[in-house]
Amino acid sequence: TQRSLVLLKPDAVRRGLTGEIISRIERKAGWQITALELRTLDAETLEQHYGEHKGKPFYEPLVEFMASGPVVALVVEGERVIEGVRALAGPTDPIAAAPGSIRGDYGVIVRENLIHASDSEESAERELKIFFPGRV
Ligand code: GTP
Ligand code: MG
C-alpha cells in the first residue's frame, strides 16, 4: 500500500471545488484519507516543496500563487494511490487534460491547475515530512 501527499491548491479552495475533488478521491475503492488540514503555506514550506523547480521561469509565480490563499493538504493511503491520484488529476496543463479528470474538467491555466499529488514514492515520503511532520 502507498501514501500520497495531495494539495488542493488555492484556486480549488477559492472556487469551492474542494468537496467535489475530495469526493472523487474518497469514492476510489479502498483508498483512505488519513490526514486533512486547511492551511496557508509560507515561503519556507513552499521552497521545500517545490525546490526542484527553483530557477525555472515559472517558479516565482508558482510559489506566489501557492501562497495566495489557503490550501487543503491531505494524506491519501491505499493501493497505487501515487499513480492513481495523478491519473485522477490529469496532466499538468489543464487544456491537455482529458474531460473527466480534475484538471480537464475545471482547469484552463497551467499554474492554476487545482491539485498537487506526489509523483513517486520518494517524493511522497519527502513531502509527507514537510506537511505532516511527526504524524506520518
Ligand atoms: P504539481 O502536482 O503541482 O507538482 O504539478 P505537476 O507534478 O503536474 O507539475 P510539476 O511538478 O512539473 O510543476 C509544478 C507546478 O508548476 C505545476 O503544477 C504548474 O502549476 C507549474 N508549472 C509546471 N510547468 C510549468 C510551465 O511550463 N509553465 C507554467 N506557467 N507553470 C508550470
Ligand atoms: Mg510535481
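If the condition is being open to solvent by less than 70 Å² (accessible area, probe 1.4 Å), out of contact with any Ser or Thr (no Cβ under 7 Å at 6 or more places or on another chain), under 20 Å from residue 12 (Cα atoms) and not in a loop (DSSP other than H, G, I, E, B), then region 45-77 contributes 45, 46, 49, 59, 61, 62, 63, 65, 66, 71, 73, 74.
Taking each residue of region 49-65 that is among the aromatic types (Phe, Trp, Tyr) and looking for partners that are within 12 Å of ligand 2 (Cβ to nearest atom) with beta-carbon atoms closer than 6 Å, six or more apart or interchain, yields 59/53.
Of everything in region 24-44 that is of a type in the set (S, T, N, Q) and under 15 Å from residue 6 (Cβ atoms), the residue that is least open to solvent (accessible area, probe 1.4 Å) is 34. If you go through region 82-119 and pick out every residue that is near ligand 1 (Cβ under 8 Å from one of its atoms), among the aliphatic types (A, V, I, L, M) and assigned to a helix (DSSP H, G or I), you end up with 1.
Apart from one condition, residue 3 fits all of (1) outside any loop (DSSP other than H, G, I, E, B); (2) closer than 23 Å to residue 93 by Cβ; the exception is (2).
Selection of region 100-127 for residues being of a type in the set (A, V, I, L, M) and open to solvent by 20 Å² or more (accessible area, probe 1.4 Å) yields 108, 109, 110. Of the residues in region 97-109, at least one is within 15 Å of ligand 2 (Cβ to nearest atom), farther than 15 Å from residue 9 by Cα, at pLDDT 95 or above and not acidic (Asp, Glu). For residue 84, the requirement of being surrounded by fewer than 17 Cβ atoms within 10 Å (Cβ to Cβ), small (Gly, Ala, Ser) and away from ligand 2 (no atom under 15 Å from the Cβ) is not met. The number of residues in region 6-19 being exposed (fewer than 14 other Cβ atoms within 10 Å of the Cβ) and in a helix (DSSP H, G or I) comes to 2.
The values are calculated or read from the model by the stated rules, or taken from the named source; none is laboratory data. Predicted, not measured: the structure shown is a model, and the values here were computed from it. For neighbour counting, all protein chains shown are included, and Cβ atoms are generated from backbone atoms with ideal geometry for every residue, glycine included. Ligands, DNA and RNA are excluded from the accessible area calculation, which covers all protein heavy atoms including side chains. Shrake-Rupley method; radii C 1.70, N 1.55, O 1.52, S 1.80 Å.
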